[in-house]
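The next block holds one structure in the form of structure tokens; read it before the comments.
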Amino acid sequence: MGESAGLVSSAEFMLRVLAVAVISHVSATVCRDCGEGSLGGYVELAGKIEIIILSLPFVKNMIEMTTGLL
């Protein structure tokens, strides 16, 4: 049961990251098409920061598992 819960959490994590990446990319492209290239860059940067923030708990769990094995 615990393994399947970890799998669901990993799948949910990947879907969230994918959604943030797609939305930020599309938004940045729209900004650039409207002639706002710098705003598009900021939108992409915000998306990358959001992905890093989303991945922090996942990285923390990986570090805890690694130190648990040692």
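Brief remarks on what is shown
- Of the criteria (1) open to solvent by 50 Å² or more (accessible area, probe 1.4 Å); (2) modelled with pLDDT under 85, which one residue 26 fails: (2)
- Selected residue (criterion: nearest to the chain's Cα centre (by Cα)) from residues of the range 39-70 that are over 16 Å from residue 25 (Cβ atoms) and not hydrophobic (A, V, I, L, M, F, W, C): 55
To keep it simple, each residue is scored yes or no on (1) among the charged types (D, E, K, R); (2) free of Cβ contacts under 8 Å to residues at least 24 places away in the same chain; (3) open to solvent by less than 80 Å² (accessible area, probe 1.4 Å).
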{"site": "12", "(1), (2), (3)": "yes, yes, no"}
{"site": "17", "(1), (2), (3)": "no, no, yes"}
{"site": "36", "(1), (2), (3)": "yes, yes, no"}
{"site": "56", "(1), (2), (3)": "no, yes, no"}
{"site": "67", "(1), (2), (3)": "no, yes, no"}
{"site": "70", "(1), (2), (3)": "no, yes, no"}
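- Condition check for residue 35 on (1) more than 22 Å from residue 13 (Cα to Cα); (2) in a helix (DSSP H, G or I): one failure, at (2).
The values are calculated or read from the model by the stated rules, or taken from the named source; none is laboratory data. These numbers come from a predicted model, not from an experiment. Positions of Cβ are generated from backbone atoms using ideal geometry, with glycine treated the same way; all protein chains shown enter the neighbour counts. These area figures cover heavy atoms from the full protein model, side chains too; ligands, DNA and RNA do not enter into them. Shrake-Rupley method; radii C 1.70, N 1.55, O 1.52, S 1.80 Å.
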